[in-house]
Amino acid sequence: MQAWAGAAGFDYRYLGDELFDPIPDRLRERVREQPVVASDLARLLALRNALEDGHDAAVWCDADFLIFSPERLTLPAAPYAVGREVWIEERGAGRTPRARVKVHNAFLLFRRGNAFLEFCIDAVERLLGAHPGPYPPQFVGPKLLTALHNIVGFPVVERAGMLSPPVIRDLLEGGGPCLELFRQRSPEPVAGVNLCSSLAGGREVSDAEVREAIEVLLTDPL
């Protein structure tokens, strides 16, 4: 990721827990026990801070976003853009998998003067403030962005994708119906993917499977 940023002409900055510092005090306690939800707001505030610091553009990548074909991951000239999520679900033995085509916030682009970032921050803060929590997963992240995208139609970085656990498992097995459906429904071949490490360590996908998937993607890109 750092190498891609340098090649693209960006400064690179890694954020740890300090990412959450700009969250307003009135919301801090509400999201304290849900760091994934907190990060959906915190990343927007970090992007705004980067633009306010004088950068012409700012890009957010999740820590588990792997860029395996950096030469193919190019940014649009649009004032802002979101990532593409093609979420593949297994439906049981004998049934074909299902694809849900959405957008995600594991990869975000905002340029100075864009009209969307402030709206998005305000909408997220209003939603968090209006509901005491706990919040559904992706409540103010991909679910909110996808709902807005379905109405408005955001610019999308099609090559910034996401792999669901069934796709990761097919990838490790050298192929399968979920991986094939992912390729069919992806508007463009992906050059980077979010590996959903927030699901790792549980019954969805193991840490070892995520590590193995990284090795596969770096040696044999999708």
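The values are calculated or read from the model by the stated rules, or taken from the named source; none is laboratory data. Source: prediction; values computed, not measured. Note: ideal-geometry Cβ built from the backbone for every residue, glycine included; neighbour counts use all protein chains shown. Keep in mind that these areas ignore ligands, DNA and RNA; they rest on the heavy atoms of the full protein, side chains included. Shrake-Rupley method; radii C 1.70, N 1.55, O 1.52, S 1.80 Å.
Between the DSSP loop rule and a limit of at most 11 other Cβ atoms within 10 Å, which GluC sites (Glu not before Pro) in the range 1-58 are left? Spell out each step's value before the answer.
On the way: sites: Glu18, Glu29, Glu33, Glu52; in loops: Glu33.
Here the sparse-neighbourhood loop sites are Glu33.
Considering all alpha-carbon pairs of the chain, what whole percent are spaced by more than 29 angstrom?
More than 29 Å apart: 26 percent of the Cα pairs in the chain.
Leaving out ligands, DNA and RNA, what percent of the accessible area of the chain is carbon and sulfur, probe 1.4 Å?
On the way: 5660 of 11340 Å².
Ligands and nucleic acids excluded, carbon and sulfur give 50 percent.
Enumerate the amide H contacts of Lys102 below 5 Å, restricted to partners 5 or more residues apart or on another chain; note that Pro and chain-start residues carry no placed amide H.
Glu85, Val86, Trp87
At most 13 other Cβ atoms within 10 Å and a DSSP loop assignment: could you name the trypsin sites (Lys or Arg not before Pro) in the range 83-135 that fit? Mind showing how you got there, number by number?
Working: sites: Arg84, Arg91, Arg95, Arg98, Arg100, Lys102, Arg111, Arg112, Arg126; in loops: Arg91, Arg95, Arg112.
Passing both the DSSP loop test and the Cβ count: Arg91, Arg95.
Filter the GluC sites (Glu not before Pro) in the range 108-216 down to the DSSP loop ones having no more than 11 other Cβ atoms within 10 Å, then list what survives.
Numbers: sites: Glu118, Glu125, Glu158, Glu173, Glu180, Glu204, Glu209, Glu212, Glu215; in loops: Glu158, Glu173, Glu204.
Hits after loop and neighbour filter: Glu173.
Between the range 118-155 and the range 45-104, how far is it from one alpha carbon centroid to the other, in angstrom?
Cα centroid to Cα centroid, the span is 16 Å.
Share of Cα-Cα pairs in the range 84-132 beyond 14 Å, in percent? Please list the in-between numbers first.
Working: 827 of 1176 pairs.
When all Cα pairs of the range 84-132 are counted, 70 percent exceed 14 Å.
What is the magnitude of the charge dipole of the range 37-124 about its Cα centre, with +1 placed on the Cβ of each Lys and Arg, -1 on the Cβ of each Asp and Glu, and no other charges, expressed in debye to the nearest 20?
Values: 11 positive and 12 negative charges, 98 e Å.
Taking the Cα centre of the range 37-124 as origin, the dipole is about 460 debye.
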